Amino acid sequence: MHTHPNRFPLPPGASPRPWHVSRGIRLRALAAGLTLLALSACTGLTPRPATHVVVPEEAQAFELGGRINLRVANEGFPGRVHWRHQSALDELAFSSPIGTSVARLRQGPEGASLITADGKQYQADDLRQLALEVLGWDLPLEALPYWVRGLAWPEAAAQFERGVDGRPQSLQQAGWKVSYLGWDGAGVRGLPSKLDVAGERLRMRLVIERWSVEPAGSAADAFAAER
């Protein structure tokens, strides 16, 4: 077998390491370097620091963006979501992890509409029923604007479990359980940044990376610019 000459002279009395030993050391060093690189990359993805305090009850109009994982039966649908909520309007855009559009949903005074990835458009009176019929997703859209703020939906009895800081740790309401797994990590203080919503036909994990609760107009413009 052909051997490679040493690039650097060895100290007197030292013997060269076998080639396979040197190769193993190099591979271990490479693996350690890649691990450090991955850790440094993860460090760069830390949540945006909180900038101002928000009272959940006052954040009646908001926009948020982040990662979402929907699980229906034994199928998982990971991706991203952008959601704009106002008193008489909801607009949700779901995309794949690489940014490909999956579905766009809208509920307004004129009714509900849904556009799929292939451009097909569906219309109905109720967005929750429309999403269930077209996508198979039973999204609790009536209650979700309250749950994402850490509040109970006012149309049904609710049971909270709270931590020592008084914030909700979990909420059970209308056959759903909402677990609050993180707060204050999406640019504001006072709102959740990570929650799990579990029902009979759907489970949703939402990691909110950005909250926007500025006055109407400025919030929408800033949110659209980041998209």
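The values are calculated or read from the model by the stated rules, or taken from the named source; none is laboratory data. Quick caveat: nothing in here was measured; it's all calculated off a predicted structure. As a convention, Cβ positions derive from the backbone with ideal geometry for all residues, glycine included, and neighbour counts pool all protein chains shown. Accessible surface is based on the protein model in full, side chains and every heavy atom, while ligands, DNA and RNA are left aside. Shrake-Rupley method; radii C 1.70, N 1.55, O 1.52, S 1.80 Å.
Limited to the stretch 131-143, what total is found for residues that are assigned to a helix (DSSP H, G or I) and either basic (Lys, Arg) or open to solvent by 10 Å² or more (accessible area, probe 1.4 Å) (or both)?
Taking the stretch 131-143 and keeping what is assigned to a helix (DSSP H, G or I), we get 131-135.
Pick out the ones that are also either basic (Lys, Arg) or open to solvent by 10 Å² or more (accessible area, probe 1.4 Å) (or both) and you get 132-135.
The total comes to 4.
When you scan the stretch 53-67, how many residues do you find that are under 13 Å from the mean Cα position of the chain (by Cα) and loosely packed, with under 15 Cβ neighbours inside 10 Å? Steps first, please.
Going residue by residue through the stretch 53-67, those that are under 13 Å from the mean Cα position of the chain (by Cα) are 64-67.
Now drop any that are not loosely packed, with under 15 Cβ neighbours inside 10 Å, which leaves none.
Matching residues across the stretch 53-67 total 0.
Within the stretch 88-134, restricting attention to residues that are among the small types (Gly, Ala, Ser) and under 18 Å from the mean Cα position of the chain (by Cα), which residue is nearest to GLY65 (Cα to Cα)? Walk me through how you get there before you give the answer.
At the first step, the residues of the stretch 88-134 found to be among the small types (Gly, Ala, Ser) are 88, 93, 95-96, 99, 101, 103, 108, 111-113, 117, 119, 124, 131.
The next check asks that each one be under 18 Å from the mean Cα position of the chain (by Cα); those that pass are 93, 95-96, 99, 101, 103.
Details: ALA93: 10, SER95: 11, SER96: 13, GLY99: 13, SER101: 14, ALA103: 15 Å.
Among those residues, the one meeting the criterion is ALA93.
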Legend entry - Residue match in the stretch 210-218 (condition: modelled with pLDDT of 95 or more and hydroxyl-bearing (Ser, Thr, Tyr)): no
Inset, instruction - Give the residue that is surrounded by the fewest Cβ atoms within 10 Å (Cβ to Cβ), with candidates limited to residues of the stretch 179-188 that are among the aliphatic types (A, V, I, L, M) and in contact (Cβ under 8 Å) with a residue 60 or more places away in the chain. - result: VAL188
Legend entry - Where a residue in the stretch 68-91 is farther than 21 Å from ARG203 by Cβ and its partner, wherever it lies, is open to solvent by 60 Å² or more (accessible area, probe 1.4 Å), with Cβ under 6 Å and at least six apart: ALA88/PRO109; GLU91/ARG84; GLU91/ARG106
Inset, instruction - Looking at (1) farther than 16 Å from ASN69 by Cβ; (2) modelled with pLDDT of 95 or more, find the lone condition where ALA224 falls short. - result: (2)
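Okay, residues lined up against (1) modelled with pLDDT of 95 or more; (2) open to solvent by less than 40 Å² (accessible area, probe 1.4 Å); (3) of a type outside the set (A, V, I, L, M, F, W, C):
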position	(1), (2), (3)
ASN69	yes, no, yes
ALA73	no, no, no
TRP83	yes, yes, no
SER87	no, no, yes
GLU91	yes, no, yes
GLY99	no, no, yes
LEU105	yes, yes, no
SER113	yes, yes, yes
Inset, instruction - Among the residues of the stretch 147-171, write down those that are touching a Phe, Trp or Tyr at 6+ places or on another chain (Cβ under 9 Å) and either over 23 Å from VAL188 (Cα atoms) or touching a residue at least 24 places away in the same chain (Cβ under 8 Å) (or both). - result: TRP147, VAL148, ARG149, GLY150, PRO154, LEU171
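Within the stretch 152-178, take every residue that is open to solvent by 30 Å² or more (accessible area, probe 1.4 Å) and within 19 Å of the chain's Cα centre (by Cα) and give me the one that is nearest to ARG205 (Cα to Cα). It would help to see each step written out before you state the result.
Quick first cut of the stretch 152-178, residues open to solvent by 30 Å² or more (accessible area, probe 1.4 Å) only: 152-162, 164-167, 169, 172, 174-175, 177.
Narrowing the set further to residues that are within 19 Å of the chain's Cα centre (by Cα) leaves 169, 177.
Details: GLN169: 15, LYS177: 12 Å.
Restricting to residues being open to solvent by 30 Å² or more (accessible area, probe 1.4 Å) and within 19 Å of the chain's Cα centre (by Cα), the top hit is LYS177.
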